[in-house]
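Peer 1: Input: one structure, supplied below.
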């Protein structure tokens, strides 16, 4: 059971502290909403494991459950507990800025992970660690455009766009990258509708069902992540509409399988394990006084049916 | 002798509700210092008339005249401001609040910015409580009071203003004799201060004891007023129901059968203790006592609604264990409960479904309820009990009290019980229906049913019972055979005066 | 009520015993399980606890009145979000551009006004149509949320004003701004419910509505005032919270009603109305925040927090019933 | 000529208002957007209403018995996750059986707490909403659950059609017919109305209130399990939060159908109308190009109007007489 293991983890770490003397650094993390999808859960596990593997680190792992108020409270708690560094996965890139300022004023460096905070907060953070979501959006546009060209429909194709949760920086950035890049590479492809799918497969399936009723011709679907992409794919399959090109981002296991099955065209390979490790490493580097780029991206390559054999199936 | 000016006059009041003409030209006058009884069967329009007087309803036609000035009252507070005070029949208290807050409910004294003036509130309330000679003070929470004391709080409300008219609606329903005396003292005090008192009650003995005049309503129409001293029970009854009522008891002319139910040394918690009695088939046994004497609790224990703490129950000579109403029903025990609307009926359900509720598991065709068989049962009892309803589809909530009670009785008769327990069979029911129900109970006994009747009305128990078990404070004080009971020794038995017989 | 000492409080409401239990439990468990060098019952941590209780706590005071009055309000979370949007939109509005920081009181006023208005809409519907408050507010929970989305689609509304943030983060006599708001609201509502005619009438209505009507208490206006109050308090909570955070997602405040009702019920207020205490409601709010904080302190994860809070709610209900049971011979209905 | 007095009009609206509103809605949408009444669209609306609908059937039982169930959304997430997880481990048949058993166990727990221990159903199911969510997260470790074999016959319940009718619709229709008969024609159904209408009177008639309420929750959890099955089969994979918030949508449909939250009133047929009405409104607004949140506001107005007309019809007056 999860409670037991986390207790055990805590006990183990605590006894580590007692036996091996105080660890070099205590790092607190407040995550967005663990348990709402596999990416965040895998991230949570990977982070805990990575921290445990490093004897110099004690990690306080918290989860805001998607609630801004709770996340702000957690940052306050971490400041009050006197941790050495705070990693934050913002629930709302704007609303956490004052809390981050508070940490900065208390002399605690803050590292933002996965999804960036708004520019107003850049003065108060040490670094951002995560994927370059604008580039991801661009790459998705390129994947889709290339496919349309090879199919010979680049002059007529109609695309619908299912975005992530509104107000969420990742969602905004990916959408921005996609919408800007597509006209550059395929000027004649039109995006006929955009609706949010809230990173939620079920919601995305409903959105796609509505699109299918509304539009008789849909050639391509771009979804902000594979979870939503597969939701849209399910809707198309249920309605018996074949031949639609699905492109997503953050390649999930379901997306990978759908690609293997030839139903889903492409995505962006992004590992939550890399994401978590990168965040922790960035925090450690900051604490050790190393020079860290302010926007510390890890690479997220294109993956399509053509090159998928080069990548292992995602674990989430 | 010159007639004093009435403090309150009603002239040709008409009030209609969708489909009903509830009051049809009612006129009434109340003189200062008189106690004026208002009588009528249920549904005759008494409550509507009182609501018009209390400002809760506005009349469609006619006038309310206070001290010879026509008034329009929009709400209870305006009525109260005119000196018309209403003491409700059903307890109308906020239990979580203090006595003082209840006495001044709706008009707490203030000291600016809507703040309650507690000092004044408690002082005034204590003064009123002193008049009523009660044993609690203004700060007591109402939920900590006995039912009777709560009724006294209700009465205390009448004394908060310079009342011109006080309306009492069945005020004695839950009072002990001692408390009744205090109430009657209060009424004569009011009388002495030239306050007009309107007194509504079904209890004839009280009416004839304290009132000066009696006005009668029937079907929303005013039947006239008479001086109390010029009439008698029979006369009033005739005015109320428009015919003569046969109140004489016919001696039971049938043989009693074997002992159907026997109770030996039965106790249940603090409710009752060491109770023993027998009921034969063909016999009606009356249980008489004050509210809280433990009569209803015995019935509930027999019906499996309460656990016994000791003693045994024998049915047809065999010891039985009744754990739930289901058990009781299967063993042939039926209970017509005290509270018709709360315990007897599902008001939003139709007549047929209510009637067949306890046996709905048994009248089935395959997995379904056999509706044809249900309607047959309904028809049978509608005819035999003369239930007046447009049809089985009618929600019981729309029937009159008497007809509702008959549905409850029919519900239990249709179970073909061996023992029928009837708790307060005629509470809140008009005189006409009352005597019908009494006849019915006698008839059932004559057909061999063992009947237990629990009642707080002495004439009722004396009228229907073959034997009477008197109870006081959870114990049986005496069992009377038919011939030996008199009003005097019965009153003694239930007030704890006479020792165990 | 003149001498409020700890003993009286404990006797009056078991919620404070529960809080004490939580404190002891988390302190002991924390000393084994927590990574923090600081004790759980550190003064600063307790001050933070109060501050973090404020968003839910301020609304819970309104919910206590509503529930004592015999109603329920499921729409407060949505009202909270609308008020936040009004606050932030007003501050970004070009209309008030020249005012500098003087826009702050205008924005606050606008948000509070809108909150009160939304409450009034609920109250008016419940009063005039006679539809049960549960259904009225279930409907407006959806409807108000729809209005939230209409402002800015599904995008967040943001406006960061550092003057306001500094004010919200300030500490006066050691207590945070939000804490002051919570305490003042608690005191004011306590006074309202225990010392004024409106409060006493609200109790009477919740206790026995029929009796209140018969006594000439105008049930409708009282109900309406209470709904306006909870609307106002939901807006006040939003004003206090978003002054500090400066950005609202359209989904913010969702499920708040559930937490708030939980807090009020933990505080001993009966769902049937007529009884309940404002101080115990504060206790209920603190108990929940303490539970969350404590579970985080000892390293429990989201799933555990959910399980524990759900179970405790049911357990409290069960214990309350067991305590009030009279004996085996009670009537079985 | 048809002439109605004001009173009669109110009474008529009270009785048939929902149906009338439904008809008017359909007409308006049909005139505005021809696609709206196409067979494809109608089938698609009913199909996507099936999950809400199936749960609404169960909740109708609970509401008629005088209680509430706010835990169904959370419980449906649980069912969906469990059956998806077990599908790959023990095969579809056993997985479905195990999932139904576990969900019924949760229903039994709630039924025990509300029925036998007589705890307030609002608070109990509110607590269960949170607790079951925790349970689901613990079970899954927070991960999405997916069936690896996408060609499993398990997809039958959510994706296939029989004689041109999608299976979810068939399940919804069959369950509605079955539960409709149980509620209106059997002794058990009669007892539910009695218990919800006046629990004390039901007890005094020898009906076990505890048992009746217990079985209502059991039926509700059975419906939730069925909805979870359709959901899981439809997408062959799911997040832990798939049912979140559905409890309110379901409750809205049931109330719209005219069931009284006080208990004792409501029918399966009316609930079905309520469900379809919500589904068609949602669809109609989308077809007209309105955002999904407009539907929130419309639902708000419709719920209030529906319940208002219902009680106005009963009291014979449009406005509440409350001072």
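Peer 1: Go through D:269-275, C:244-250 and give me the packing order, highest mean Cβ count within 10 Å leading.
Peer 2: The densest-packed peptide leads the list: C:244-250, D:269-275.
Peer 1: While we're on this one: Test of understanding: express the Cα radius of gyration of the protein assembly as shown as a ratio to 2.2 N^0.38 Å, with N the residue count.
Peer 2: Working: Rg = 36.1 Å, N = 1473, 2.2 N^0.38 = 35.2 Å.
My calculation over the Cα atoms of the protein assembly as shown gives 1.03.
Peer 1: So, one more: Considering every residue in B:328-336, what mean count of other chain Cβ atoms within 10 Å of its Cβ is obtained?
Peer 2: 1
Peer 1: Then there is this: Based solely on its DSSP helices, what 222 nm [θ] is calculated for chain B when runs of n ≥ 4 H residues each add -39,500 (n - 2.57) and the sum is averaged over all residues, nearest 500 deg cm²/dmol?
Peer 2: When only DSSP H runs of four or more count, the value is -9000 deg cm²/dmol.
Peer 1: Going by C-beta contacts inside 10 Å, put C:177, D:241, C:281 in order with the fewest on the left.
Peer 2: So the ranking, lowest neighbour count to highest, is C:177, D:241, C:281.
Peer 1: Which of B:189, A:275, B:24, A:219 has the fewest other C-beta atoms within 10 Å, and how do the rest follow up to the most?
Peer 2: B:189, B:24, A:219, A:275
Peer 1: How high is the relative contact order of chain C, in percent, with contacts defined as C-alpha pairs under 8 Å that are six or more residues apart? Write down the numbers at each step before the final one.
Peer 2: Numbers: 495 pairs, mean separation 111.8, N = 333.
Computed value for chain C: 34 percent relative contact order.
Peer 1: Provide a whole-number value for the mean count of partner chain Cβ atoms within 10 Å of the Cβ atoms in peptide B:225-232.
Peer 2: Neighbouring Cβ atoms belonging to other protein chains average 0 per residue here.
Peer 1: For chain B, just say rounded, prolate or oblate: build the C-alpha gyration tensor, square-root its eigenvalues into a ≥ b ≥ c, call rounded for a/c under 1.5, and beyond that prolate if a/b exceeds b/c, oblate if not.
Peer 2: Verdict is prolate for chain B.
Peer 1: Going by Cα centres, the range D:136-171 and the range A:68-89 are how many Å apart?
Peer 2: 40
Peer 1: Across peptide A:198-207, how many C-beta atoms of other chains are within 10 Å of each residue C-beta, on average? Display every interim value, and only then the final one.
Peer 2: Working: counts 2, 1, 4, 8, 12, 4, 0, 3, 4, 2.
Per residue, the average neighbour count from other chains is 4.
Peer 1: Still on this structure, I have one more. Evaluate the Debye formula for the range C:68-207 with equal point scatterers sitting on the alpha carbons, no solvent, and hand back log10 of I(q)/I(0) at q = 0.12 Å⁻¹, in q order, two decimals.
Peer 2: The Debye formula, applied to the Cα set alone, gives -0.66.
Peer 1: Sorted by mean Cβ packing within 10 Å, highest first, what order do the peptides B:343-354, B:213-224, D:34-45 take?
Peer 2: Values: B:343-354: 23.7, B:213-224: 19.7, D:34-45: 15.2.
So the order, starting with the most tightly packed, is B:343-354, B:213-224, D:34-45.
Peer 1: To continue, here is another question. Pairs of Cα atoms under 8 Å, at least six residues apart: use those to get the relative contact order of chain B, whole percent.
Peer 2: So the answer I get is 15 percent.
Peer 1: What is the distance in Å between the Cα centroid of the range B:99-173 and that of the range B:264-290?
Peer 2: Using only Cα atoms to place each centre, the spacing works out to 38 Å.
Peer 1: Ranked by Cβ crowding within 10 angstrom, fewest neighbours first, how are C:232, C:227 ordered?
Peer 2: Lowest to highest Cβ neighbour count: C:232, C:227.
Peer 1: Moving on to the next point. Take every DSSP beta bridge with both residues inside the range B:8-241 and express the antiparallel ones as a percent of the total, to the nearest 5.
Peer 2: Bridges in the range B:8-241 that DSSP calls antiparallel: roughly 60 percent.
Peer 1: Further question on the same structure: Please identify, among C:87, C:255, C:233, the residue showing maximal mean-square fluctuation in a Gaussian network model of chain C using a 10 angstrom Cα cutoff.
Peer 2: Per the Cα network of chain C with a 10 Å cutoff, C:255 tops the list.
Peer 1: Turning to a different aspect of this structure: Where the convex hull is taken over the Cα atoms of the range C:53-293, what is its projected area averaged over directions, in nm²? Could the numbers behind the result be given before it?
Peer 2: Working: hull surface 52.0 nm².
Result: 13.0 nm².
Peer 1: A follow-up question, please. For the range A:133-269, taking Cα atoms only, what is the radius of gyration to one decimal and the Dmax to the nearest whole Å?
Peer 2: Rg and Dmax of the range A:133-269, Cα atoms, are 13.0, 36 Å.
Peer 1: Quote the relative contact order of chain D in percent (integer), defining contacts as alpha-carbon pairs under 8 Å separated by 6+ residues. Present the calculation step by step, with values, prior to reporting the outcome.
Peer 2: On the way: 512 pairs, mean separation 112.0, N = 323.
It comes to 35 percent, rounded to a whole number.
Peer 1: Using packing as a proxy for protection, rank A:124-135, B:225-236, B:102-113 so that the peptide with the highest average count of other Cβ atoms within 10 Å comes first.
Peer 2: Listed from highest to lowest mean packing, they are A:124-135, B:102-113, B:225-236.
Peer 1: For chain B, give me the percentage of DSSP beta bridges that are antiparallel, rounded to the nearest 5 percent.
Peer 2: Around 55 percent of the beta bridges assigned by DSSP in chain B are antiparallel ones.
Peer 1: Rounded, prolate or oblate for chain D? Axes are the square roots of the Cα gyration tensor eigenvalues, ordered a ≥ b ≥ c, and the cut-off for rounded is a/c under 1.5.
Peer 2: oblate
Peer 1: Quick one: of the DSSP bridges fully inside the protein assembly as shown, what percent are antiparallel, nearest 5?
Peer 2: Details: 59 of 129 bridges.
Bridges in the protein assembly as shown that DSSP calls antiparallel: roughly 45 percent.
Peer 1: Could you please state, rounded to a whole Å, how far the C-alpha centre of the range A:258-316 is from the C-alpha centre of the range C:83-125?
Peer 2: A separation of 44 Å, based on Cα centres.
No value in this document is a laboratory result; all are computed from the given coordinates. What you see is a predicted model; the values in this text were computed from it and never measured. We place every Cβ from the backbone using ideal geometry, glycine too, and count neighbours over all the protein chains shown.
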